[in-house]
Amino acid sequence: MGSRSTQFIGLNMAALNFIHDNDLCPISSNNHTFGMFGEQIPLGVWRDKDGKIWTEFVQDAPWSSGPMIFTALKSGEEVVCEWELDENLGAEFDQESGKYWV
């Protein structure tokens, strides 16, 4: 019998590149989510050079022996770098392609 745990997957490679390529600066915040045992998981918040705030948020948390937490970025109503469901992936997720199938 396998153990259950929270699997924090986080941002895909496109989101990490977006943060880097746009020189987003991390800022202190209380942005977080919770794992399956109530553990607090910090999520990032960044400011761009124009003062726009980008927040990491939970896009999806499908179950695979516990929640797998996939995150993306948003600023207001603008959402970027979301994970894409792909039933032909052949794995639970691929950070490089930004695809998952759980």
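Taken over the stretch 1-39, the criterion of being over 13 Å from T71 (Cβ atoms), in contact with a Ser or Thr (Cβ under 8 Å, 6 or more places away or on another chain) and either part of a strand (DSSP E or B) or among the aromatic types (F, W, Y) (or both) is satisfied by F37 alone.
Take the residues of the stretch 63-77 that are farther than 15 Å from G98 by Cα and touching a strand residue (DSSP E or B) at 6+ places or on another chain (Cβ under 9 Å): which is surrounded by the fewest Cβ atoms within 10 Å (Cβ to Cβ)? Applying the filter and picking the extreme gives G76.
Which residue is nearest to the chain's Cα centre (by Cα), if the candidates are limited to the stretch 40-96 and must be among the small types (G, A, S) and assigned to a strand (DSSP E or B)? Selected residue: A72. Pairs meeting the criteria (first residue in the stretch 76-88 and within 15 Å of G10 (Cα to Cα), second residue surrounded by 10 or more Cβ atoms within 10 Å (Cβ to Cβ) and among the acidic types (D, E), beta carbons under 7 Å, at least 6 apart or on different chains) are W83/D60.
Entry remark, the stretch 3-29: residues being hydroxyl-bearing (S, T, Y) and within 18 Å of V58 (Cβ to Cβ) number 3 in total.
Take the conditions hydrophobic (A, V, I, L, M, F, W, C), over 12 Å from the mean Cα position of the chain (by Cα) and closer than 27 Å to S97 by Cβ and apply them to I9. Does it pass? Spelling it out, it is not the case that I9 is hydrophobic (A, V, I, L, M, F, W, C), over 12 Å from the mean Cα position of the chain (by Cα) and closer than 27 Å to S97 by Cβ. Pairing residues of the stretch 45-69 that are within 28 Å of E92 (Cα to Cα) and modelled with pLDDT under 95 with residues that are surrounded by 15 or more Cβ atoms within 10 Å (Cβ to Cβ) and of a type in the set (A, V, I, L, M, F, W, C), at Cβ distances under 7 Å and at least 6 apart in sequence or on separate chains, gives S64/V102; G66/M36. Residues in the stretch 12-48 that are touching a His at 6+ places or on another chain (Cβ under 8 Å), closer than 25 Å to E96 by Cα and loosely packed, with under 13 Cβ neighbours inside 10 Å: P42 only.
The values are calculated or read from the model by the stated rules, or taken from the named source; none is laboratory data. The structure presented is a predicted model; accordingly, all values stated were derived computationally and were not measured. Note that each Cβ is placed from the backbone with ideal geometry, even for glycine, and that neighbours are counted across all protein chains shown.
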